[in-house]
Amino acid sequence: MKLVHDATASASPVWDVGSASLLWAEGTTVHRLHPASDTHAEIVVPQRIGAALPRTNGGLVGNLREGIGLRDIDDRLTWLVYWHRDSAEAGPATIDPAGNLWAATGDQLIRVRPDGRATVVLDGVTITGIAAGDRLHIATAQGVAVFDPDTGDRTPLCAAPAAGLCVDADGGVWVAVPDANEIRRITPTGDLDRVLDVPGPTGCCFGGPDFTDLYLTAGPIFVVPTIGTGAPTPRFPG
(Lines give C-alpha, C1' and ligand atoms only; values in the text may rest on other atoms or scores of the structure.)
Protein backbone atom coordinates (compact mmCIF):
# COMPACT_ATOMS: atom_id res chain seq x y z
CA MET A 1 0.00 0.00 0.00
CA LYS A 2 1.43 3.36 -1.06
CA LEU A 3 0.46 6.92 -0.10
CA VAL A 4 -0.47 8.94 -3.19
CA HIS A 5 -1.98 12.09 -1.69
CA ASP A 6 -2.19 13.53 1.81
CA ALA A 7 -5.88 14.50 1.78
CA THR A 8 -8.23 14.80 4.75
CA ALA A 9 -11.81 13.60 5.32
CA SER A 10 -11.95 12.15 1.82
CA ALA A 11 -14.77 9.97 0.48
CA SER A 12 -16.51 8.63 -2.63
CA PRO A 13 -13.46 7.91 -4.82
CA VAL A 14 -14.07 7.18 -8.50
CA TRP A 15 -11.70 6.73 -11.44
CA ASP A 16 -12.35 8.95 -14.47
CA VAL A 17 -11.06 6.89 -17.39
CA GLY A 18 -11.33 9.79 -19.84
CA SER A 19 -8.75 11.89 -17.99
CA ALA A 20 -6.93 9.04 -16.22
CA SER A 21 -7.58 10.71 -12.89
CA LEU A 22 -9.02 9.99 -9.48
CA LEU A 23 -11.99 12.02 -8.24
CA TRP A 24 -13.17 12.32 -4.66
CA ALA A 25 -15.39 14.62 -2.60
CA GLU A 26 -14.58 16.52 0.56
CA GLY A 27 -16.98 19.05 2.04
CA THR A 28 -17.72 21.57 -0.71
CA THR A 29 -14.73 20.56 -2.82
CA VAL A 30 -14.20 18.03 -5.59
CA HIS A 31 -10.61 16.83 -5.91
CA ARG A 32 -8.99 15.50 -9.06
CA LEU A 33 -5.63 13.72 -8.90
CA HIS A 34 -3.62 12.67 -11.95
CA PRO A 35 -1.32 9.95 -10.56
CA ALA A 36 0.85 9.78 -13.71
CA SER A 37 1.90 13.42 -13.40
CA ASP A 38 1.30 13.76 -9.67
CA THR A 39 -0.86 16.85 -10.26
CA HIS A 40 -3.84 17.76 -8.11
CA ALA A 41 -6.68 20.21 -8.74
CA GLU A 42 -9.63 21.36 -6.66
CA ILE A 43 -13.12 22.35 -7.81
CA VAL A 44 -15.16 24.32 -5.27
CA VAL A 45 -18.94 23.99 -5.46
CA PRO A 46 -21.57 26.14 -3.72
CA GLN A 47 -22.69 23.53 -1.20
CA ARG A 48 -21.72 20.21 0.30
CA ILE A 49 -21.18 17.45 -2.25
CA GLY A 50 -21.23 13.74 -1.51
CA ALA A 51 -19.91 12.38 -4.81
CA ALA A 52 -18.76 13.62 -8.21
CA LEU A 53 -18.75 11.41 -11.30
CA PRO A 54 -17.72 11.88 -14.94
CA ARG A 55 -20.16 12.78 -17.71
CA THR A 56 -20.13 11.43 -21.27
CA ASN A 57 -19.65 14.85 -22.88
CA GLY A 58 -17.16 16.14 -20.34
CA GLY A 59 -17.66 17.80 -16.99
CA LEU A 60 -19.08 16.21 -13.87
CA VAL A 61 -22.36 15.22 -12.29
CA GLY A 62 -22.56 15.75 -8.54
CA ASN A 63 -24.78 14.58 -5.70
CA LEU A 64 -25.16 17.83 -3.78
CA ARG A 65 -27.16 18.61 -0.66
CA GLU A 66 -30.04 20.21 -2.59
CA GLY A 67 -30.09 17.99 -5.67
CA ILE A 68 -28.17 16.68 -8.66
CA GLY A 69 -25.93 19.26 -10.32
CA LEU A 70 -24.23 19.22 -13.70
CA ARG A 71 -20.90 20.95 -14.09
CA ASP A 72 -19.98 21.69 -17.69
CA ILE A 73 -16.45 21.88 -19.01
CA ASP A 74 -16.74 25.70 -18.85
CA ASP A 75 -17.31 25.46 -15.06
CA ARG A 76 -21.01 26.34 -15.29
CA LEU A 77 -23.18 24.56 -12.71
CA THR A 78 -26.83 23.80 -13.49
CA TRP A 79 -29.43 21.70 -11.69
CA LEU A 80 -30.61 18.48 -13.30
CA VAL A 81 -32.83 17.68 -10.31
CA TYR A 82 -33.53 20.05 -7.43
CA TRP A 83 -35.19 18.63 -4.33
CA HIS A 84 -34.11 20.98 -1.52
CA ARG A 85 -35.56 18.85 1.29
CA ASP A 86 -34.70 19.78 4.88
CA SER A 87 -33.77 16.16 5.65
CA ALA A 88 -31.65 15.68 2.51
CA GLU A 89 -27.90 15.19 2.77
CA ALA A 90 -25.17 14.95 0.16
CA GLY A 91 -24.40 11.24 0.09
CA PRO A 92 -22.61 8.73 -2.12
CA ALA A 93 -23.62 8.09 -5.72
CA THR A 94 -22.84 5.76 -8.60
CA ILE A 95 -23.73 5.22 -12.26
CA ASP A 96 -25.03 1.89 -13.49
CA PRO A 97 -24.20 0.30 -16.88
CA ALA A 98 -27.49 1.68 -18.30
CA GLY A 99 -26.43 5.25 -17.50
CA ASN A 100 -28.71 5.83 -14.51
CA LEU A 101 -27.41 7.80 -11.56
CA TRP A 102 -28.12 6.36 -8.12
CA ALA A 103 -27.92 9.00 -5.40
CA ALA A 104 -28.15 8.55 -1.64
CA THR A 105 -29.63 11.58 0.12
CA GLY A 106 -29.41 10.68 3.80
CA ASP A 107 -32.73 8.87 4.16
CA GLN A 108 -33.56 7.98 0.55
CA LEU A 109 -32.07 6.27 -2.48
CA ILE A 110 -33.06 8.05 -5.69
CA ARG A 111 -32.64 6.85 -9.26
CA VAL A 112 -32.02 9.71 -11.69
CA ARG A 113 -32.29 9.04 -15.39
CA PRO A 114 -30.18 11.02 -17.89
CA ASP A 115 -33.19 13.20 -18.80
CA GLY A 116 -33.66 14.22 -15.16
CA ARG A 117 -36.56 11.95 -14.23
CA ALA A 118 -36.10 11.02 -10.59
CA THR A 119 -37.68 8.18 -8.63
CA VAL A 120 -37.35 7.34 -4.93
CA VAL A 121 -36.63 3.61 -4.86
CA LEU A 122 -35.77 3.23 -1.17
CA ASP A 123 -37.00 5.36 1.73
CA GLY A 124 -36.13 5.57 5.40
CA VAL A 125 -32.66 4.02 5.06
CA THR A 126 -29.34 5.80 5.57
CA ILE A 127 -26.96 4.65 2.85
CA THR A 128 -23.24 5.08 3.41
CA GLY A 129 -22.01 3.58 0.13
CA ILE A 130 -23.36 2.40 -3.20
CA ALA A 131 -21.84 0.52 -6.13
CA ALA A 132 -23.28 -0.75 -9.39
CA GLY A 133 -22.08 -3.66 -11.46
CA ASP A 134 -24.26 -6.49 -12.69
CA ARG A 135 -26.08 -5.96 -9.40
CA LEU A 136 -26.68 -2.88 -7.26
CA HIS A 137 -24.97 -2.98 -3.85
CA ILE A 138 -25.74 -0.67 -0.94
CA ALA A 139 -23.86 -0.19 2.30
CA THR A 140 -25.44 0.84 5.60
CA ALA A 141 -24.54 0.71 9.28
CA GLN A 142 -25.95 -2.83 9.25
CA GLY A 143 -23.67 -4.03 6.44
CA VAL A 144 -23.79 -4.55 2.68
CA ALA A 145 -26.73 -5.89 0.71
CA VAL A 146 -27.64 -6.58 -2.90
CA PHE A 147 -30.60 -4.34 -3.68
CA ASP A 148 -33.25 -5.11 -6.29
CA PRO A 149 -34.88 -1.77 -7.20
CA ASP A 150 -37.75 -3.50 -9.01
CA THR A 151 -38.91 -5.50 -6.00
CA GLY A 152 -37.33 -3.55 -3.15
CA ASP A 153 -35.71 -6.74 -1.86
CA ARG A 154 -32.40 -6.50 -0.03
CA THR A 155 -30.25 -9.64 0.14
CA PRO A 156 -27.59 -9.39 2.91
CA LEU A 157 -24.03 -9.94 1.73
CA CYS A 158 -21.86 -8.71 4.62
CA ALA A 159 -22.92 -7.89 8.19
CA ALA A 160 -20.08 -5.47 9.05
CA PRO A 161 -20.92 -1.73 9.22
CA ALA A 162 -19.61 -0.33 5.95
CA ALA A 163 -18.59 3.17 4.87
CA GLY A 164 -18.01 2.65 1.15
CA LEU A 165 -17.53 -0.06 -1.42
CA CYS A 166 -16.73 -0.97 -5.02
CA VAL A 167 -17.25 -4.00 -7.25
CA ASP A 168 -14.53 -5.78 -9.24
CA ALA A 169 -14.77 -7.48 -12.62
CA ASP A 170 -15.57 -10.85 -11.03
CA GLY A 171 -18.46 -9.50 -8.99
CA GLY A 172 -16.48 -9.36 -5.76
CA VAL A 173 -17.32 -6.48 -3.44
CA TRP A 174 -14.54 -4.52 -1.74
CA VAL A 175 -15.93 -3.03 1.45
CA ALA A 176 -14.46 -0.28 3.66
CA VAL A 177 -15.07 -1.20 7.31
CA PRO A 178 -13.73 1.72 9.39
CA ASP A 179 -14.58 0.23 12.80
CA ALA A 180 -12.30 -2.73 12.04
CA ASN A 181 -9.68 -0.66 10.13
CA GLU A 182 -10.08 -3.01 7.19
CA ILE A 183 -10.93 -3.27 3.53
CA ARG A 184 -12.64 -6.62 2.95
CA ARG A 185 -13.31 -8.43 -0.30
CA ILE A 186 -16.59 -10.32 -0.24
CA THR A 187 -17.36 -12.87 -2.94
CA PRO A 188 -20.68 -12.71 -4.84
CA THR A 189 -21.93 -15.51 -2.56
CA GLY A 190 -21.08 -13.58 0.62
CA ASP A 191 -17.84 -15.27 1.66
CA LEU A 192 -14.93 -13.29 3.09
CA ASP A 193 -12.13 -13.64 0.56
CA ARG A 194 -9.44 -11.11 1.50
CA VAL A 195 -8.63 -8.51 4.16
CA LEU A 196 -6.42 -5.42 3.93
CA ASP A 197 -5.38 -3.51 7.06
CA VAL A 198 -6.20 0.18 6.48
CA PRO A 199 -6.67 2.73 9.29
CA GLY A 200 -10.15 4.26 9.10
CA PRO A 201 -11.07 3.55 5.47
CA THR A 202 -14.00 5.48 3.99
CA GLY A 203 -14.13 4.22 0.39
CA CYS A 204 -12.37 2.44 -2.45
CA CYS A 205 -12.36 2.12 -6.23
CA PHE A 206 -10.34 0.48 -8.98
CA GLY A 207 -8.32 2.63 -11.35
CA GLY A 208 -5.10 2.92 -13.28
CA PRO A 209 -4.38 2.07 -16.93
CA ASP A 210 -5.66 -1.50 -16.62
CA PHE A 211 -8.02 -1.00 -13.65
CA THR A 212 -5.82 -3.23 -11.51
CA ASP A 213 -4.94 -0.63 -8.84
CA LEU A 214 -7.19 -0.27 -5.81
CA TYR A 215 -7.41 3.32 -4.57
CA LEU A 216 -8.42 3.82 -0.94
CA THR A 217 -9.70 6.89 0.86
CA ALA A 218 -8.84 6.94 4.54
CA GLY A 219 -8.14 10.58 5.18
CA PRO A 220 -5.06 10.33 2.95
CA ILE A 221 -5.35 8.60 -0.43
CA PHE A 222 -3.58 5.25 -0.79
CA VAL A 223 -3.17 2.83 -3.67
CA VAL A 224 -2.62 -0.92 -3.66
CA PRO A 225 -1.18 -1.79 -7.10
CA THR A 226 -2.18 -4.88 -9.11
CA ILE A 227 -4.42 -6.34 -6.41
CA GLY A 228 -7.35 -7.26 -8.65
CA THR A 229 -9.22 -6.15 -11.74
CA GLY A 230 -12.01 -3.61 -11.81
CA ALA A 231 -14.09 -2.25 -14.65
CA PRO A 232 -14.30 1.22 -16.22
CA THR A 233 -16.67 3.56 -14.44
CA PRO A 234 -19.68 4.35 -16.66
CA ARG A 235 -20.14 8.01 -17.55
CA PHE A 236 -23.39 9.82 -16.99
CA PRO A 237 -25.06 10.62 -20.32
CA GLY A 238 -27.02 13.57 -18.93
For this session: Return the distance in nm (one decimal) between the two label points of a simple spin-label model at Asp86 and Asp191, each offset 7 Å from Cα along Cα→Cβ.
Result: 5.0
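Quick one: work out Rg over Rh on the C-alpha atoms of the range 96-171, Rh as Kirkwood radius.
My calculation puts Rg/Rh at 0.94.
Largest first and in whole Å, what are the equivalent-ellipsoid semi-axes of the range 130-238 based on the Cα gyration tensor, each being the root of 5 times an eigenvalue? Walk me through the numbers on the way to the answer.
Working: eigenvalues 81, 63, 31 Å².
Taking √(5λ) for each Cα gyration eigenvalue gives 20, 18, 13 Å.
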Problem set entry | Kirkwood Rh in Å, taken over all unlike Cα pairs in the chain | 17.3
For this session: Scan the range 1-99 for trypsin sites (Lys or Arg not before Pro) in coil per DSSP, keeping those whose Cβ has at most 13 other Cβ atoms within 10 Å, and list them by number.
Result: Arg76, Arg85
Exercise. In a shell of Cβ-Cβ distance under 14 Å around Gly58, excluding Gly58 itself, what net charge do Lys and Arg (+1) and Asp and Glu (-1) give?
Worked result: +1
Seminar exercise, completed: The rounded separation in angstrom of the Cα centers of the range 151-174 and the range 15-62 is 24
Exercise. Across the range 22-100, how large is the tail of the calculated P(r) beyond 15 Å, expressed as a percent of all Cα pairs?
Worked result: 56
Exercise. With every protein chain present, what accessible area does Val81 have (1.4 Å probe, heavy atoms only), rounded to the nearest 10 Å²?
Worked result: 20
Exercise. So, in nm, how far is label Ser19 from label Asp134 when the simple model puts each one 7 Å beyond its Cα toward the Cβ?
Worked result: 3.3
Seminar exercise, completed: With the 8 Å Cα cutoff and a minimum separation of six or more residues, the chain has a relative contact order in percent of 18
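The values are calculated or read from the model by the stated rules, or taken from the named source; none is laboratory data. Bear in mind the structure is a predicted one, so any value in this text is a computation, not a measurement. Here the Cβ is made from the backbone with ideal geometry for all residues, glycine too, and neighbour counts use every protein chain on show. Protein only, heavy atoms only, side chains kept; ligands, DNA and RNA dropped before computing areas. Shrake-Rupley method; radii C 1.70, N 1.55, O 1.52, S 1.80 Å.
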